[in-house]
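Trainee: The structure's right below; bear with me while I get my questions together.
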Amino acid sequence: MVKTAIVSTVRTPLEDLLHYVHYHLNIGIDEIILFFDDPADEGVKAFTQHSNVTCIACSASYWNINGGRPDFIAARQLVNVNNGAKMAAAKQCNWLIHIDNDELINPLVDIKQVLANTDAEAIRFTLLEAVSQHMYCEHIFIPQLFKKQSQKRSIQAAKLQGCSNAFFENRYFRGYGASKMAVRITPEIKQYSIHDAQKHHGILAVEKSDQLQLLHFDCVDFSTWLRKWKKRIDGTGTSNTMGIPRQKQLDLYRQARQKGHKELIALFKRLHHLPKNEQLILHGLGMLTTVKIDPDLFKYKHS
């Protein structure tokens with residue numbers, strides 16, 4: 001029998017987190033284990049009615065028994081996902097999914113059916129990245145327009161047709177380019193990582209699924225964008241794993257912040273908005289798609 005667990009390290013407004021949790025429970029995830037990077041987060045006590053949601057405040061005592069609090073967010077996530085894997089195993093889960101609170105799994109068929117029908121040790125999701133369509137959103141999962149991972153010839157065609165806003169530092173996606181995965185919980189796994197896992201011996205057998213999508217809602221509105229980059233420089237979300245394009249975005253944010261609010265707005269639009277003419281071209285090239293999520297999936301349903 002397939003039993004799934006999501007493990008996440010979270011630091012986000014409570015309303016967005018409620019949507020995130022309710023959605024994944026409603027699509028069939030069995031257990032959700034949340035590690036709150038801010039131990040005083042109001043979300044720690046927000047899920048008392050949810051028997052299948054576990055909340056861990058990453059307090060000083062938590063870090064004391066885990067070798068001390070790492071300075072960088074990716075290192076903290078690494079500790080948390082491996083602790084979460086042990087907790088998931090204790091709950092008899094046999095599949096682990098490590099994703100962030102700005103990501104949703106979008107199963108085109110029953111997720112448990114896909115997991116039950118594979119012999120692979122892991123299934124990597126097809127990655128889609130949300131396009132910002134408004135300056136402000138009611139919650140981060142509002143956008144319906146998504147960039148698709150695209151072949152080089154499509155990218156070249158888009159550039160030739162003048163889609164200059166679609167690319168930054170020669171990249172189409174603004175966030176990461178490697179998707180996340182569902183990994184079997186077995187003694188053969190030495191360590192679970194942010195995007196994958198390592199075995200004690202041999203190479204992890206990974207299957208890519210077109211039936212399971214990962215929707216990444218990266219910086220979908222101005223407020224979310226400001227929070228993301230503020231965390232990168234105020235110590236709450238410092239990263240040492242950013243690639244050159246991501247680091248360039250941070251550098252531009254720092255410069256714009258020194259110049260004022262108008263410069264920040266202009267930079268956000270440049271990085272995350274797509275003009276209508278470019279949207280038409282990218283749709284025609286198969287580089288954009290629309291995903292509509294049923295709003296009822298974000299509502300809490302009593303079991």
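Residue-wise test of (1) open to solvent by 30 Å² or more (accessible area, probe 1.4 Å); (2) more than 17 Å from Gln149 (Cα to Cα); (3) not in a loop (DSSP other than H, G, I, E, B).
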position: Arg174; (1), (2), (3): no, no, no
position: Ser179; (1), (2), (3): no, no, no
position: Leu212; (1), (2), (3): no, no, yes
position: Asp218; (1), (2), (3): no, no, no
position: Arg227; (1), (2), (3): yes, yes, yes
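Trainee: Tally the residues that are under 12 Å from Leu285 (Cα atoms), open to solvent by 40 Å² or more (accessible area, probe 1.4 Å) and assigned to a loop (DSSP other than H, G, I, E, B), restricting the search to the range 158-172.
Mentor: 1
Trainee: Let me ask something else about it. How many residues are open to solvent by 50 Å² or more (accessible area, probe 1.4 Å), under 15 Å from Thr236 (Cα atoms) and either without any contact (Cβ under 8 Å) to a residue 12 or more places away in the chain or part of a helix (DSSP H, G or I) (or both) if we restrict to the range 57-76?
Mentor: Looking only at that region, the number is 2.
Trainee: Tell me, yes or no, whether the range 1-24 has at least one residue that is part of a loop (DSSP other than H, G, I, E, B), hydrophobic (A, V, I, L, M, F, W, C) and under 20 Å from Gly237 (Cα atoms).
Mentor: No: the range 1-24 contains no residue that is part of a loop (DSSP other than H, G, I, E, B), hydrophobic (A, V, I, L, M, F, W, C) and under 20 Å from Gly237 (Cα atoms).
Trainee: Could you pull out the residue among Asp37, Asp16 that is open to solvent by less than 30 Å² (accessible area, probe 1.4 Å), at pLDDT 95 or above and in contact with a Gly (Cβ under 9 Å, 6 or more places away or on another chain)?
Mentor: Going through Asp37, Asp16 in turn, just one is open to solvent by less than 30 Å² (accessible area, probe 1.4 Å), at pLDDT 95 or above and in contact with a Gly (Cβ under 9 Å, 6 or more places away or on another chain): Asp37.
Trainee: Return the residues of the range 45-56 that are over 20 Å from the mean Cα position of the chain (by Cα) and either open to solvent by 30 Å² or more (accessible area, probe 1.4 Å) or of a type in the set (Phe, Trp, Tyr) (or both); say none if nothing qualifies.
Mentor: Result: Lys45, Ala46, Phe47, Thr48, Gln49, Ser51, Asn52.
Trainee: Given the residues Asp110, Asp30, which is the only one that is of a type outside the set (Val, Ile, Thr), over 30 Å from Leu274 (Cβ atoms), surrounded by fewer than 17 Cβ atoms within 10 Å (Cβ to Cβ) and in contact (Cβ under 8 Å) with a residue 40 or more places away in the chain?
Mentor: Answer to the selection: Asp110.
Trainee: Taking into account only those residues within the range 259-280 that are of a type outside the set (D, E, K, R) and more than 20 Å from Glu169 (Cβ to Cβ), which is most open to solvent (accessible area, probe 1.4 Å)?
Mentor: By that ranking, first place goes to Leu280.
Trainee: Can you find a residue that is in a loop (DSSP other than H, G, I, E, B), surrounded by 16 or more Cβ atoms within 10 Å (Cβ to Cβ) and touching a residue at least 60 places away in the same chain (Cβ under 8 Å) anywhere in the range 148-157?
Mentor: Yes - at least one qualifying residue is present in the range 148-157.
The values are calculated or read from the model by the stated rules, or taken from the named source; none is laboratory data. Because the structure is predicted, anything quoted here is derived from the model rather than measured. Cβ: placed from backbone, ideal geometry, glycine included. Neighbour counts: every protein chain shown. SASA here: full protein model, heavy atoms, side chains in, ligands and nucleic acids out. Shrake-Rupley method; radii C 1.70, N 1.55, O 1.52, S 1.80 Å.
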